[in-house]
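The values are calculated or read from the model by the stated rules, or taken from the named source; none is laboratory data. Source: prediction; values computed, not measured. In this analysis, Cβ positions are derived from the backbone assuming ideal geometry, glycine residues included, and neighbour counts consider all displayed protein chains.
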């Protein structure tokens, strides 16, 4: 399963070489929803979207030169309250990954919603990337951009996102030390929190799952356009390995849940024409019980 097609390797390398190298890793599009805010507070946010977008798209979040296309990220900020420049918002992040060395096909890389973002903002605030200092406005963004970069890295190489995850963990430590809301140390397995997701991503206990996610992309999705039947078989085999991994783990996993929350529709589309759909549905329902009814579509 870990053998790569020579054709795919050559194609991918050729495309990567042709892409423009850049220090920045992310290409973000930011949108806001201020409907719940008083008019004066919504007006105060007139430059927030452009400030945040400029910050993300012009910051280098890792110390490595970035080769290839930037990671496309869509950010939605839903403001729930605001007073005297102090805001509470819900943050939605959707990142994609290009497939098969082409910019034509994408796969959802992660879909995350964070309900706890509290910060102070004034128009035309200048944001700077300072990973060793906690800032309520920029550090939460830094944390999630590093998660996205790590997940992208994990999809191209086994454990390829480790450095980015370690950087995100350091930001979590700063937020925790500052006793900032949402950066508490939670220990409930499988319950989403910033601590729980970064703890799993930096734990040796979850490295086998990360390797399987790499294989899902490299051996499965990256071959989908050229050979759909083989891609289906490969992903089916990876799901079997995930079933065995989950059984060995013996406890809930937020990383596993996040993966399937992101991939549920992609998996349904992938297996619509697969001859062993019933067996696949059983695996998916075991791995992702929260979407059991969604996977029933494959049996109709």
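Tell me which residues, restricted to region 87-105, are modelled with pLDDT of 95 or more and over 17 Å from residue 155 (Cα atoms). Listed by number, the residues that qualify are 87, 88, 89, 90, 91, 92, 93.
The sole residue among 228, 181, 189 that is more than 16 Å from residue 157 (Cβ to Cβ) and either surrounded by 18 or more Cβ atoms within 10 Å (Cβ to Cβ) or in contact with a strand residue (DSSP E or B) (Cβ under 7 Å, 6 or more places away or on another chain) (or both) is 181. Scanning region 29-53 for residues that are assigned to a helix (DSSP H, G or I) and without any contact (Cβ under 8 Å) to a residue 60 or more places away in the chain yields a count of 8. Against the conditions (1) under 26 Å from residue 66 (Cα atoms); (2) in contact with a helix residue (DSSP H, G or I) (Cβ under 6 Å, 6 or more places away or on another chain); (3) free of Cβ contacts under 8 Å to residues at least 12 places away in the same chain, residue 215 satisfies every one except (3). Taking the numbered list (1) modelled with pLDDT of 95 or more; (2) assigned to a helix (DSSP H, G or I) in turn, residue 108 passes all entries but (2).
Scanning region 88-103 for residues that are in contact with a strand residue (DSSP E or B) (Cβ under 8 Å, 6 or more places away or on another chain) and either loosely packed, with under 15 Cβ neighbours inside 10 Å or closer than 19 Å to residue 42 by Cβ (or both) yields 88, 89, 90, 91, 92. Residues in region 247-267 that are in contact with a helix residue (DSSP H, G or I) (Cβ under 6 Å, 6 or more places away or on another chain) and either without any contact (Cβ under 8 Å) to a residue 12 or more places away in the chain or more than 17 Å from residue 97 (Cα to Cα) (or both): 254, 255. Checked against the criterion of being part of a helix (DSSP H, G or I), more than 16 Å from the chain's Cα centre (by Cα) and touching a residue at least 12 places away in the same chain (Cβ under 8 Å), the candidates 170, 122, 166, 133 yield just one match: 170.
Regarding residue 38, is this residue in contact with a helix residue (DSSP H, G or I) (Cβ under 7 Å, 6 or more places away or on another chain) and surrounded by fewer than 16 Cβ atoms within 10 Å (Cβ to Cβ)? Answer is no for this residue. When 34, 6, 29, 12 are checked against the criterion of being at pLDDT 95 or above and over 20 Å from the mean Cα position of the chain (by Cα), 34 stands alone in meeting it. Can you pull out every residue in region 54-82 that is assigned to a strand (DSSP E or B) and modelled with pLDDT under 95? Correct list: 66 only.
Going residue by residue through region 144-156, is there one that turns out to be surrounded by fewer than 18 Cβ atoms within 10 Å (Cβ to Cβ), in contact with a helix residue (DSSP H, G or I) (Cβ under 8 Å, 6 or more places away or on another chain) and either at pLDDT 95 or above or assigned to a helix (DSSP H, G or I) (or both)? Taking every residue of region 144-156 in turn, at least one turns out to be surrounded by fewer than 18 Cβ atoms within 10 Å (Cβ to Cβ), in contact with a helix residue (DSSP H, G or I) (Cβ under 8 Å, 6 or more places away or on another chain) and either at pLDDT 95 or above or assigned to a helix (DSSP H, G or I) (or both). I need the full set of residues from region 110-132 which are under 14 Å from residue 183 (Cβ atoms) and touching a helix residue (DSSP H, G or I) at 6+ places or on another chain (Cβ under 8 Å), in order please. Once the filter is applied, which keeps residues that are under 14 Å from residue 183 (Cβ atoms) and touching a helix residue (DSSP H, G or I) at 6+ places or on another chain (Cβ under 8 Å), region 110-132 yields 114, 117, 119.
Scanning region 37-52 for residues that are closer than 12 Å to residue 77 by Cα and in contact with a strand residue (DSSP E or B) (Cβ under 6 Å, 6 or more places away or on another chain) yields 49, 52. Any idea how many residues of region 115-135 are touching a strand residue (DSSP E or B) at 6+ places or on another chain (Cβ under 7 Å) and modelled with pLDDT under 95? Within region 115-135, residues that are touching a strand residue (DSSP E or B) at 6+ places or on another chain (Cβ under 7 Å) and modelled with pLDDT under 95 number 1.
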